[in-house]
1. Using the structure shown, decide if Lys308 is among the charged types (D, E, K, R) and either on the phi > 0 side of the Ramachandran plot or not in a loop (DSSP other than H, G, I, E, B) (or both).
2. Can Phe354 be described as within 19 Å of Cys250 (Cβ to Cβ), open to solvent by 80 Å² or more (accessible area, probe 1.4 Å), of a type in the set (A, V, I, L, M, F, W, C) and free of Cβ contacts under 8 Å to residues at least 60 places away in the same chain?
3. Taking region 133-157 only, how many residues are open to solvent by 50 Å² or more (accessible area, probe 1.4 Å) and either free of Cβ contacts under 8 Å to residues at least 24 places away in the same chain or part of a helix (DSSP H, G or I) (or both)?
4. In this structure, does Gly367 turn out to be open to solvent by 40 Å² or more (accessible area, probe 1.4 Å) and over 23 Å from the mean Cα position of the chain (by Cα)?
5. For the subset of region 219-248 comprising residues that are of a type in the set (S, T, N, Q) and open to solvent by 10 Å² or more (accessible area, probe 1.4 Å), which member is farthest from Lys200 (Cα to Cα)?
6. Looking only at region 158-208, how many residues end up being of a type in the set (Asp, Glu) and farther than 27 Å from Leu147 by Cβ?
7. With region 329-379 as the region, which helices (runs of 4 or more DSSP H) entirely inside it contain at least 3 residues that are closer than 27 Å to Pro279 by Cα and out of contact with any Phe, Trp or Tyr (no Cβ under 6 Å at 6 or more places or on another chain)?
8. Name the single residue, out of those in region 158-203 being hydrophobic (A, V, I, L, M, F, W, C) and under 30 Å from Lys118 (Cβ atoms), that is surrounded by the fewest Cβ atoms within 10 Å (Cβ to Cβ).
Amino acid sequence: HFRCTSTTPPRSSGGGCCALTAIWWHGRIIVGSQRHWTIIVVIKMMSQQLRRHRSSSLRTSSFSMIYNHLLRTSTSYCCHLLLILLIISSSFLHNDIVANASPTIKDKHHLTAIAELKRLVPPPTKQIGGSSEVDAINDDAYYARFLSVNEWDPIKTESSIRQSIEWRKRVQPHKLRPRHCPMLCRQYAWLALTTGPGSKMILNDNDEQLQDDDTKKNKKQSPLDPPYNCPPLQSWRTTKHGLPITYFRCWKWKPELASSKESETHLAYHIHHLLRRIPNNRKKDVSRICVIFDMRGFETYMLPHIHKCINILRCQYPGRAGAMCFINVPIYFTTVWKIISPWLDDEIRSKVFFAERGVDDVEKAVGFLNGRKLKTGLF
């Protein structure tokens, strides 16, 4: 029903519309009339609303509403084509924002400790705490994670959870985006692993070009990473246990180029990004994260910055570490580890793995972790 044309499609932003225009353009199914481009703009606007729906039933009903609206305002063949494109678009095949399954707390001693801690430190409002589904700070699971690393002692936990709430009020991790930490997001040192077409391209970039001082202008124009939403036709990658994976490339990390505030903002954004990538599995409690540290290019000047990262993870996100896997560690790292190890608490230290020499890339590291029994939830 459509006539091929050489007219360049309008530029757009956003996962849903970008996926649609890319498929139309490369498939040479381009509609030249202004009327049909208007429909695509409408789809883009509505897809942004759909991203806010966590519930699959809400997403389905909203999808039906969009289709029925188009059916009334356009020709049927156009609606059917848009329906097919929307179905295959990754923006509707996976959730960019997922709801973490809350652990079921049945132990009476634990429930009593949580109630007492809530009495000492009342939960903040949702407006202050952020999302009620991603890293909520007003539910029992949040209090339980702090209690679990303090022997379930409410008195001992009071000061740490109070400090964490104040930190979240100041930093507001749920509101952070890549634009708030552009220097570090352009280094491509902390990669959120994905699966699907094009997911390996960012792993095969030219390291020498990115480290060349003559390419600073190109660096400023490079896209920020990791993106807030998953790229089109891709999905966030996890271990077989369900832990979302971040791949840290030490040789690309230049923390000294960013301010102290941006370093804190970047780490808060990335940890919250990891938590958003936890699969929505109602049958299994998954609330922990996985980071693969590729230590090629490690320098001792990075130690103060590493200490700051550890403090944020330990003090603000207790009970979130699922696997911290180190690969390609230098020979002298044994001495460095004696410095770093005391900075960790027992809970994080028990999640650290040093892969053998044969595990020298991220794919082998994921396979190494998949062969191990990892703790995924609070208990």
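The values are calculated or read from the model by the stated rules, or taken from the named source; none is laboratory data. Please read these numbers as outputs of a predicted model, since none were measured by experiment. Backbone-built Cβ (ideal geometry, glycine too); neighbour counts: all protein chains shown. Just the protein is used for accessible areas: all its heavy atoms, side chains included, with ligands, DNA and RNA removed. Shrake-Rupley method; radii C 1.70, N 1.55, O 1.52, S 1.80 Å.
1. yes
2. Yes: the conditions hold for Phe354.
3. 5
4. Here the answer is no, as Gly367 does not meet what is asked.
5. Pass one, region 219-248, residues of a type in the set (S, T, N, Q): 221-222, 229, 234-235, 238-239, 246.
This time we only want the ones that are open to solvent by 10 Å² or more (accessible area, probe 1.4 Å), so: 221-222, 229, 234-235, 238.
Details: Gln221: 21, Ser222: 17, Asn229: 17, Gln234: 11, Ser235: 12, Thr238: 15 Å.
Checked region 219-248; the qualifying residue farthest from Lys200 (Cα to Cα) is Gln221.
6. The first filter runs over region 158-208 and keeps only residues of a type in the set (Asp, Glu), leaving 158, 166, 205, 207-208.
Keeping just the survivors that are farther than 27 Å from Leu147 by Cβ gives 205, 207-208.
The total comes to 3.
7. 346-349, 362-370
8. Looking at residues that are hydrophobic (A, V, I, L, M, F, W, C) and under 30 Å from Lys118 (Cβ atoms), I get Trp167.
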